[in-house]
Amino acid sequence: MPVRPDGRQNNELRQVSFERDFTEMALGSCLVSFGRTRVLCTASVNDSVPPWLRNTGKGWVTAEYAMLPGSSNERIRRKTSGRSQEIQRLIGRSLRAVVDLDALGEREVTVDCDVLQADGGTRTASICGGFVALHDAFSRLVQNGELEANPITDQLAAISVGIIEGEARLDLPYIEDAAAEVDFNVVMTGSQEFVEVQGTAEEATFTRSQLDELIELASAGIDEIIRNQKNLLADPPPPRK
């Protein structure tokens, strides 16, 4: 069996951590780490909605994503690329899938995901950390009496999987992601329902049995991430003065 660069088993996550309230200005924030990948996620609340939602009573959740200049070996320019736009749409879609927008009322929440250090899996880490930041922002709206209840309807997490050297592997760092014959990003809820599956063959086709193996691997990894999130969120965030 080929040895992974970091010594993990094929079904093992990298070391995952969530640091709550990493910053203090936004209602919710989280520094999420998957191995060497680190993303700062903040959730900011605006008491207005996009024009198409005015006077509907519904809210909106959106996301922005960026890789900061020092996040990679080569300096990233400060601009919104097509890749960044695609990723932030994925993050926004994923977060909205577990929010009751009617219960949110006419508020727009923007979840900003800024990659501090990139070593593969930045979009899936952003979804995982963005969920924590969003959950805390809503919890504080409840604490302040602005919402009756948290409008989040389920847990949410995401992970990458791929086939490298003919083997299915979980949570790919950059060195594996760049060499993957097949590459998937999977987003699921705590109820094990799918939000999105992005997958492609980079150098070779894949079979139905390989697809099933990748989905099972991703599902088990997401379950572990959700357990970590639940442990963190079991206690409400401290009130903001």
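The values are calculated or read from the model by the stated rules, or taken from the named source; none is laboratory data. The model shown is predicted, which means the values in this text are computed figures rather than measured ones. With ideal geometry, Cβ positions are generated from the backbone for all residues, glycine too; neighbour counts draw on all protein chains shown. For accessibility, only protein heavy atoms count, side chains too; no ligands or nucleic acids. Shrake-Rupley method; radii C 1.70, N 1.55, O 1.52, S 1.80 Å.
Values as computed for the structure displayed
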{"item": "Accessible-area value, Glu86, 1.4 Å probe, nucleic acids and ligands omitted, Å²", "result": "70"}
{"item": "Largest-first principal axis extents of the Cα set of the stretch 108-241 (Å)", "result": "54, 31, 25"}
{"item": "Calculated FRET value between Glu86 and Glu12, using beta carbons and R₀ = 25 Å, to 0.05", "result": "0.35"}
{"item": "Most mobile listed residue (Ser81, Ser160, Ser29) in the chain, GNM with C-alpha springs under 10 Å", "result": "Ser81"}
{"item": "Accessible surface, the chain, averaged per residue in Å² (probe 1.4 Å)", "result": "49"}
{"item": "Among Gln88, Gln229, Gln192, residue whose mean-square fluctuation peaks in a GNM of the chain (springs only between Cα atoms under 10 Å)", "result": "Gln192"}
{"item": "Pair-distance profile P(r), taking every C-alpha pair of the stretch 166-241, with 10 angstrom steps and integer %", "result": "16, 42, 25, 11, 5, 1"}
{"item": "Cα-based Rg and Dmax for the chain, where Dmax is the largest Cα-Cα distance (Å)", "result": "17.9, 59"}
{"item": "Selected from Ser94, Ser33, Ser48 as most flexible by GNM, with the chain as the system and alpha-carbon contacts under 10 Å", "result": "Ser48"}
{"item": "Within the stretch 131-241: Cβ-based charge dipole about Cα centre, in debye rounded to nearest 20 (Lys, Arg +1; Asp, Glu -1)", "result": "780"}
{"item": "Net lengthening on full extension, Gln198/Val142 (0.36 nm per residue, minus Cα-Cα)", "result": "16.7 nm"}
